[in-house]
Amino acid sequence: MKIALITGITGQDGVYLADFLLKKGYDVYGGFRRLSTPNFWRLKDMEVFDKIKLVPLDLSDQSSMMNFLEKIKPDEIYNLAAQSFVGVSFEQPIHSGDITGLGVTRLIDTIRTLSPKSKFYQASSSEMYGDVGDAVPQDETTVFKPRSPYAAAKTYAHYIVQNYRSAYNLYACSGILFNHESPYRGIEFVTRKITNAVARIKLGLQKELTLGNIDAQRDWGFAGDYVQAMWMMLQQDKPDDYVIATNEAYTVRDFAKKSFEIAGLNYEDYTKTDTKFMRPSDVHLLKGNPQKAKDKMGWEPKVNFNELIKMMVERDIQRWRRYLKGEVFPWDAINAEGWEVTSLPSYRFT
């Protein structure tokens, strides 16, 4: 039985990857950062919480990595942990650089020392491309021009992985993943902000949706498809880096319109924009070319744009309907509207 470690297992990608690897027969360890309020709702909802082994692991603390790798030398290590919000990285640039950039150095250097036979996957990001100019679509040869502290930190981590791969002959690779969404996407991301708001408006819990730059274009895919690509990268004869994307781009406006349409509502009746949601510098267009992943690994996305949005809207409507019936507390929507737990109506836990 193969052993896998997933850092950042409590996030969207972590839970999909855990489920995928468990079905492949892996023994799965999940690294998580200790918080005063544990964030395990995704793992429980996906019904993998009782099937994995959780271990405290923080990318700012190399000793926590050493303690784990000295005892268990996994066959595969998937680093999905990061300060992953672009907007927050402008507010906390040093923290973002330390976790998203230097944290990867701490981890891969610990692997080099204590578990050099482990295969390593790093979650790189399409945000690294930044100001792409005429380079559309982007592929593995496109020059990186990051436009946020988050993107700069991811770029640093990407090059560190390449450096350790060549310098120490490690099996280390990076997936340059374009935006990938699901019903488990964090409420901080614009896609879940939209689908969650649509569900609440549909059920009379919210009156309108306020967005920032609705003209930004992104290449959106399904997270469940993308974690399969992560696994496929570590099954190749030689480590390499791959763009994982759909090669289709849509605006935030397109995403919102389709979300309201699926709920039987008119986008124009419920949306507005506000400059306070604009970033200090934004990326206008990201569109990835996954041809290398298709040619070398046989990977292709299965869920299209409309299917993805339908999945997300319907799940959010289901969640809020269950909440209104008193069946479930919407953990993933806490603070979506500036709520505090104590200000919510009474609820029951599942």
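May I ask you to say which residue of Asp139, Asp131 is of a type outside the set (S, T, N, Q), touching a Lys or Arg at 6+ places or on another chain (Cβ under 9 Å) and within 14 Å of Asp241 (Cβ to Cβ)?
Asp139
Among the residues that make up the range 178-196, is at least one of them within 22 Å of the chain's Cα centre (by Cα), closer than 25 Å to Lys117 by Cβ and either surrounded by 17 or more Cβ atoms within 10 Å (Cβ to Cβ) or in contact (Cβ under 8 Å) with a residue 24 or more places away in the chain (or both)?
Start the filter on the range 178-196 by keeping residues that are within 22 Å of the chain's Cα centre (by Cα), which leaves 178-196.
Narrowing further to those that are closer than 25 Å to Lys117 by Cβ: none.
No: zero hits.
Looking at Tyr150, Tyr129, Tyr159, which is the one that is hydroxyl-bearing (Ser, Thr, Tyr), modelled with pLDDT under 95 and assigned by TED's automatic domain parsing to the domain that holds Lys71?
Answer to the check: Tyr150.
Taking the criterion of being outside any helix (DSSP H, G or I), surrounded by fewer than 15 Cβ atoms within 10 Å (Cβ to Cβ) and either on the phi < 0 side of the Ramachandran plot or of a type in the set (Gly, Ala, Ser) (or both), would at least one residue in the range 242-261 satisfy it?
no
Would you check if there is a residue in the range 321-330 being modelled with pLDDT of 90 or more and not aliphatic (A, V, I, L, M)? Break it down into steps so the answer makes sense when it comes.
In the first step, residues of the range 321-330 are kept if they are modelled with pLDDT of 90 or more; the result is 321.
Filter again for not aliphatic (A, V, I, L, M), leaving 321.
Checked against the condition, which is being modelled with pLDDT of 90 or more and not aliphatic (A, V, I, L, M), the range 321-330 yields at least one hit.
Might you check whether a residue that is free of Cβ contacts under 8 Å to residues at least 60 places away in the same chain and of a type in the set (Asp, Glu) occurs anywhere in the range 228-238?
There is at least one residue in the range 228-238 that is free of Cβ contacts under 8 Å to residues at least 60 places away in the same chain and of a type in the set (Asp, Glu).
Specify which of the listed residues (Ile176, Ile194) is touching a Leu at 6+ places or on another chain (Cβ under 7 Å), among the aliphatic types (A, V, I, L, M) and at pLDDT 95 or above.
The match here is Ile194.
Could you please find all residues in the range 197-223 being surrounded by fewer than 20 Cβ atoms within 10 Å (Cβ to Cβ) and under 23 Å from Leu17 (Cβ atoms)?
Of everything in the range 197-223, nothing turns out to be surrounded by fewer than 20 Cβ atoms within 10 Å (Cβ to Cβ) and under 23 Å from Leu17 (Cβ atoms).
Is it the case, given these coordinates, that Asp13 is in a helix (DSSP H, G or I) and touching a residue at least 12 places away in the same chain (Cβ under 8 Å)?
Values: in a helix (DSSP H, G or I): yes; touching a residue at least 12 places away in the same chain (Cβ under 8 Å): yes.
In short, yes.
So in the range 60-92, with the set limited to residues that are hydrophobic (A, V, I, L, M, F, W, C) and surrounded by fewer than 19 Cβ atoms within 10 Å (Cβ to Cβ), which one is modelled with the lowest pLDDT?
Quick first cut of the range 60-92, residues hydrophobic (A, V, I, L, M, F, W, C) only: 65-66, 68-69, 72, 77, 80-82, 85-86, 88, 90.
Filter once more, so that each one left must be surrounded by fewer than 19 Cβ atoms within 10 Å (Cβ to Cβ): 66, 72, 85, 88, 90.
Details: Met66: 93, Ile72: 93, Phe85: 59, Val88: 65, Phe90: 67.
The selected residue is Phe85.
Specify the residue that is surrounded by the fewest Cβ atoms within 10 Å (Cβ to Cβ); the eligible residues are those in the range 104-134 that are closer than 23 Å to Tyr226 by Cα and among the small types (Gly, Ala, Ser).
Residue satisfying both the conditions and the ranking: Gly130.
I'm told Lys276 meets every condition in (1) modelled with pLDDT of 95 or more; (2) more than 15 Å from Arg218 (Cα to Cα); (3) in a helix (DSSP H, G or I) except one. Can you identify the failing condition by its number?
Lys276 satisfies every listed condition except (1).
Return the residues of the range 7-37 that are surrounded by fewer than 18 Cβ atoms within 10 Å (Cβ to Cβ) and polar (S, T, N, Q); say none if nothing qualifies.
Ser36, Thr37 - these are the residues of the range 7-37 that are surrounded by fewer than 18 Cβ atoms within 10 Å (Cβ to Cβ) and polar (S, T, N, Q).
Just the residues that are surrounded by fewer than 19 Cβ atoms within 10 Å (Cβ to Cβ) and in contact with a strand residue (DSSP E or B) (Cβ under 6 Å, 6 or more places away or on another chain), please, taken from the range 135-166.
Scanning the range 135-166 gives Asp139, Glu140, Lys145.
Restricting to the range 197-224, and then to whatever is within 17 Å of the chain's Cα centre (by Cα) and not small (Gly, Ala, Ser), can you tell me which residue is modelled with the lowest pLDDT?
Arg218
Test Ala123 against the stated conditions and say whether it is assigned by TED's automatic domain parsing to the domain that holds Ala167, closer than 30 Å to Asn247 by Cβ and part of a helix (DSSP H, G or I).
Details: assigned by TED's automatic domain parsing to the domain that holds Ala167: yes; closer than 30 Å to Asn247 by Cβ: yes; part of a helix (DSSP H, G or I): no.
No: the conditions fail for Ala123.
The values are calculated or read from the model by the stated rules, or taken from the named source; none is laboratory data. Keep in mind it's a predicted model, so treat the numbers as computed, not measured. Positions of Cβ are generated from backbone atoms using ideal geometry, with glycine treated the same way; all protein chains shown enter the neighbour counts.
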